[in-house]
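Student: Quick one: the structure is below, and I'll ask about it shortly.
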Amino acid sequence: MEIYESVTQYLSTFPVFKEWSQMKSILNRMASKKPRDWQLPVIACQSLGRPDEDALPASAALACAQISIILVDDMLDDDPRGEYRRIGDGRAANFALAFQALGMDAILGSRASLKVRKEAAGSLHRMMSTTALGQDLDIQNPADEESYWRVVENKSAPFYGCALHLGALFGEASDEVASGLEQFGRLYGAMVQIHDDLNDTMAVPANPDWIQGRKPLPILFAQSVDHPDHARFMELYQNISEEGALEEAQGILIRCGAVSYCVDQLIRRHRAAQDILNKTPLHNKGTVDSLIEAVIAPVWRLFETLGVSTTFAEAMNRE
């Protein structure tokens, strides 16, 4: 099943598109980017040994939820690539509401049993309401580690937990298995956030997080802990656009332990996710295991470059 075309076709059957052509245009543009997350409910179904087609309503609902979240998030982040730049804040907000409602229609209008539709609608509702809280916490720019992890638990983790949970529900998984996949998804979501924070802060040229004074995990660590370069880092952080400032600041992130801390957090969540996976009876564990392996792979490659075995690194992490 080609998920992007299938999701578009499935959603196009709903009446709202007949009256609102621009809404379909937004859907088509998002689908053309082939978001990997739309595949997550399908991956959950595959892990159960169920046909990909069973996950279609779940993928459609997740696609709508993600479009809704992105429409709002781009405005909150002042993203120059956001849809609101073309159509204005008001219309973008209105489309976000429409896609949120359509996500619920995708579930309730499916042919799944009443039990599945009810549980899936509840899962989607909880995720969207929790994500809204997470977005509100995020725009307040967390000032400490506790605040950062609260954002992750409310903004990043719920979406991925819901994605696998919806796939499990439409794949008619037991409550135990559906819960296990949801917990696994939440850990995967946290790993994705840490991974993205690392990539963003070490990117060249400076990522908008630097320019806008935001605090992804490595920057937050360098600002929060006591280290010899603390004063210099704060100076660079305030003047990151100056020549040589980004390179020097990124060097401090490595020396002060910020990058190592992020790697440690990735490994801890990778191990916890594997523990959940080992306890969850699945027809094909490899399909979901591949999700976390893709996120942790750069860490293993780094260890190989440094001549550190992954077995030794994981053993050190357990201590």
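Student: Please compute the length gained on full extension between HIS227 and GLU2, using 0.36 nm multiplied by the number of residues separating them and subtracting their Cα-Cα distance. Write out the running numbers ahead of the final one.
Tutor: Working: separation 225, 0.36 × 225 = 81.00 nm, distance 5.06 nm.
Stretched fully, the HIS227-GLU2 segment lengthens by 75.9 nm.
Student: For the peptides 52-62, 6-16, what is the packing order when you average, over each peptide's residues, the other Cβ atoms within 10 Å and list the highest mean first? Numbers along the way, then the final one.
Tutor: On the way: 52-62: 26.1, 6-16: 16.2.
Per-residue Cβ counts within 10 Å, averaged per peptide and sorted highest first, yield 52-62, 6-16.
Student: Could you work out the Rg to Rh ratio of the stretch 1-173, with Rh taken as the Kirkwood radius (inverse of the mean 1/r over all Cα pairs)? Intermediate results must be reported in sequence, preceding the final value.
Tutor: Details: Rg = 15.9 Å, Rh = 16.4 Å.
My calculation puts Rg/Rh at 0.97.
Student: Can you give the convex hull volume per residue for the Cα atoms of the stretch 174-319, as a whole number of Å³? Present the calculation step by step, with values, prior to reporting the outcome.
Tutor: Values: hull volume 19.2 nm³, N = 146.
Enclosed volume per residue, from the Cα hull, is 131 Å³.
Student: Next question. Could you give the dipole magnitude of the stretch 174-319 about its Cα centre, charging the beta-carbon of Lys and Arg +1 and that of Asp and Glu -1, in debye to the nearest 20? Write down the numbers at each step before the final one.
Tutor: Details: 12 positive and 21 negative charges, 76 e Å.
Roughly 360 debye for the stretch 174-319.
Student: In sequence order, what are the phi-derived ³J(HN,Hα) couplings for the stretch 47-56 according to the Karplus relation 6.51 cos²θ - 1.76 cosθ + 1.60 with θ = phi - 60°, rounded to whole Hz, with x for glycine and proline?
Tutor: 5, 8, x, 9, x, 4, 4, 4, 8, 4
Student: Any idea what the alpha-carbon Rg over 2.2 N^0.38 Å comes to for the stretch 117-236?
Tutor: On the way: Rg = 17.3 Å, N = 120, 2.2 N^0.38 = 13.6 Å.
That ratio works out to 1.27.
Student: To make sure I understand, if each residue's beta carbon is the centre and we count other beta carbons within 10 Å, what order do LYS279, LYS24 fall in, fewest to most? Before the final figure, lay out the partial values.
Tutor: Numbers: LYS279 10, LYS24 15.
Least to most surrounded, the residues fall as LYS279, LYS24.
Student: Can you give me the angle between helix 175-202 and the longest principal axis of the chain, using Cα atoms only, in degrees from 0 to 90, rounded to the nearest 10?
Tutor: Helix 175-202 sits at roughly 40 degrees to that axis.
Student: Can you give the helix-only mean residue ellipticity at 222 nm for the chain, where every DSSP H stretch with n ≥ 4 adds -39500 (n - 2.57) and the sum goes over all residues, rounded to the nearest 500 deg cm²/dmol? Don't jump to the answer; show the numbers that get you there.
Tutor: Values: 18 runs with 237 residues, N = 319.
Computed mean residue ellipticity for the chain: -23500 deg cm²/dmol.
Student: Right, something else. Compute the long axis of helix 89-108 from its Cα atoms, compare it with the longest principal axis of the Cα atoms of the chain, and write down the angle in degrees, 0 to 90, nearest 10.
Tutor: 60 degrees
Student: Under a point spin-label approximation (7 Å from Cα along Cα-to-Cβ), what is the SER129-LYS285 distance to one decimal in nm?
Tutor: Simple spin-label model gives 3.5 nm for this pair.
Student: Further question on the same structure: log₁₀ I(q)/I(0) of the stretch 1-99 at q = 0.13, 0.15, 0.20 Å⁻¹, via Debye over equal Cα point scatterers, no solvent, to two decimals?
Tutor: The Debye formula, applied to the Cα set alone, gives -0.47, -0.60, -0.97.
Student: Now for a separate question. Using the C-alpha atoms of the chain, what convex hull volume per residue, in cubic angstrom, is computed?
Tutor: Values: hull volume 44.8 nm³, N = 319.
Convex hull volume per residue, Cα atoms: 141 Å³.
Student: Further question on the same structure: Could you give the angle, 0 to 90 degrees to the nearest 10, between helix 245-255's Cα long axis and the longest principal axis of the Cα atoms of the chain?
Tutor: 90 degrees
Student: What is the fewest-to-most order of TRP300, TRP20 by other Cβ atoms lying within 10 Å of their Cβ?
Tutor: Values: TRP300 17, TRP20 13.
Ascending Cβ contact count within 10 Å gives the list TRP20, TRP300.
Student: Gaussian network model of the chain, Cα springs within a sub-10 Å range: biggest mean-square fluctuation belongs to which of GLN183, GLN238, GLN46?
Tutor: Of the options given, GLN238 has the highest mean-square fluctuation.
Student: How big is the dipole moment of the stretch 1-61 about its Cα centre under a simple scheme where the beta carbon of each Lys and Arg is +1, that of each Asp and Glu is -1, and everything else is neutral? Debye, nearest 20, please.
Tutor: Numbers: 7 positive and 7 negative charges, 56 e Å.
Roughly 260 debye, rounded to the nearest 20.
Student: Towards the positive end of the charge dipole of the stretch 183-227, with charges on Cβ (+1 Lys, Arg; -1 Asp, Glu), say which of MET202, GLY189, GLN223 has the farthest Cα.
Tutor: Ranked along the dipole, the leading option is GLY189.
Student: Also, I was wondering about something else. Can you tell me the dipole magnitude for the chain around its Cα centre, using point charges on the Cβ only (Lys, Arg +1; Asp, Glu -1), in Debye to the nearest 20? Working shown, then result.
Tutor: On the way: 30 positive and 44 negative charges, 226 e Å.
That gives the chain a dipole magnitude of about 1080 debye.
Student: Quick one: Cα convex hull volume of the stretch 99-139, Å³ per residue? Can you show the working numbers first?
Tutor: Details: hull volume 2.0 nm³, N = 41.
Dividing the Cα hull volume of the stretch 99-139 by its residue count gives 49 Å³.
Student: Starting from the Cα-Cα distance between SER113 and SER174, subtract it from 0.36 nm times their residue separation and give me the gain in nm to one decimal. Write out the running numbers ahead of the final one.
Tutor: On the way: separation 61, 0.36 × 61 = 21.96 nm, distance 1.41 nm.
Gain on extension, SER113 to SER174, equals 20.5 nm.
Student: Another question, then. Exposure proxy check: HIS283, HIS165 ranked by fewest other beta carbons within 10 Å?
Tutor: Working: HIS283 12, HIS165 32.
Listed from fewest to most nearby Cβ atoms, that is HIS283, HIS165.
Student: Given contacts defined as C-alpha pairs under 8 Å and at least six residues apart, what's the relative contact order of the chain, whole-number percent?
Tutor: Details: 398 pairs, mean separation 53.2, N = 319.
Reported relative contact order: 17 percent.
The numbers here are math on the coordinates, done by the rules we state, and not lab data. Please read all numbers here as calculations on a predicted model, not as lab measurements. When we count neighbours, we look across all protein chains shown, and the Cβ atoms used for this are built from the backbone with ideal geometry, even at glycine.
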